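Remarks on the structure that follows.
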């Protein structure tokens, strides 16, 4: 036998190996509760849609105004949508870009995610993904709806509970630490 000291944690050593490093700040620890449940994601989505309700009300009013101006005369020109309708569409778009793009991109939480207690983060960094990526994610969610909306259901059986958009952009939704 030699009296050569061995490095800690290797075979024949009395010192146990060091514990694995902790995940980066904001990243979930491994385990079944590391990612947000589908139900909490749906709840956050419904709350986020409620936030756009003022714009939706204007769209309904504008649609009713347009419907009331429809003529039974087949030669009459089709009615144009009133300004109320277009203001509603712009308001819904502005609220969505602010809430799901700017706010969620900066903090990881839209209003709905904040209320429910979940957070959107980059899978590699564990940090919010930024406004540009968050706005891009709004458009990439179109892919979730293409194959019969299966992408929105994908988190039900996916190990990381990701939609197709999350997989494409390498994002995950995790429980948010209580503040």
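The values are calculated or read from the model by the stated rules, or taken from the named source; none is laboratory data. Everything quoted here is computed from the prediction, not taken from an experiment. Here the Cβ positions follow ideal geometry from the backbone for every residue, glycine too, while neighbour counts run over all protein chains shown.
Checked against the criteria, residue 174 does not count as within 12 Å of the chain's Cα centre (by Cα), part of a helix (DSSP H, G or I), modelled with pLDDT of 95 or more and closer than 21 Å to residue 46 by Cβ. Taking the conditions exactly as written (crowded, with 19+ Cβ neighbours inside 10 Å and within 26 Å of residue 60 (Cα to Cα)), does residue 108 satisfy them or not? Taking the combined requirement at face value, the residue does not satisfy it. Looking only at residues in region 129-161 that are in contact with a strand residue (DSSP E or B) (Cβ under 9 Å, 6 or more places away or on another chain) and touching a residue at least 40 places away in the same chain (Cβ under 8 Å), the one that is surrounded by the fewest Cβ atoms within 10 Å (Cβ to Cβ) is 160. Within the option set 46, 56, being in contact (Cβ under 8 Å) with a residue 12 or more places away in the chain and surrounded by 14 or more Cβ atoms within 10 Å (Cβ to Cβ) holds for one residue only, 56.
Which of the numbered conditions does residue 82 fail, given that it passes all the others? Conditions: (1) without any contact (Cβ under 8 Å) to a residue 60 or more places away in the chain; (2) within 27 Å of residue 110 (Cβ to Cβ); (3) in contact with a helix residue (DSSP H, G or I) (Cβ under 6 Å, 6 or more places away or on another chain). All conditions pass for residue 82, except number (2). Report yes if some residue within region 141-163 is under 18 Å from residue 51 (Cβ atoms) and either within 12 Å of the chain's Cα centre (by Cα) or at pLDDT 95 or above (or both); otherwise report no. Yes; the residues of region 141-163 include at least one that is under 18 Å from residue 51 (Cβ atoms) and either within 12 Å of the chain's Cα centre (by Cα) or at pLDDT 95 or above (or both). Selection of region 60-79 for residues being in contact with a helix residue (DSSP H, G or I) (Cβ under 6 Å, 6 or more places away or on another chain) and modelled with pLDDT under 85 yields only 79.
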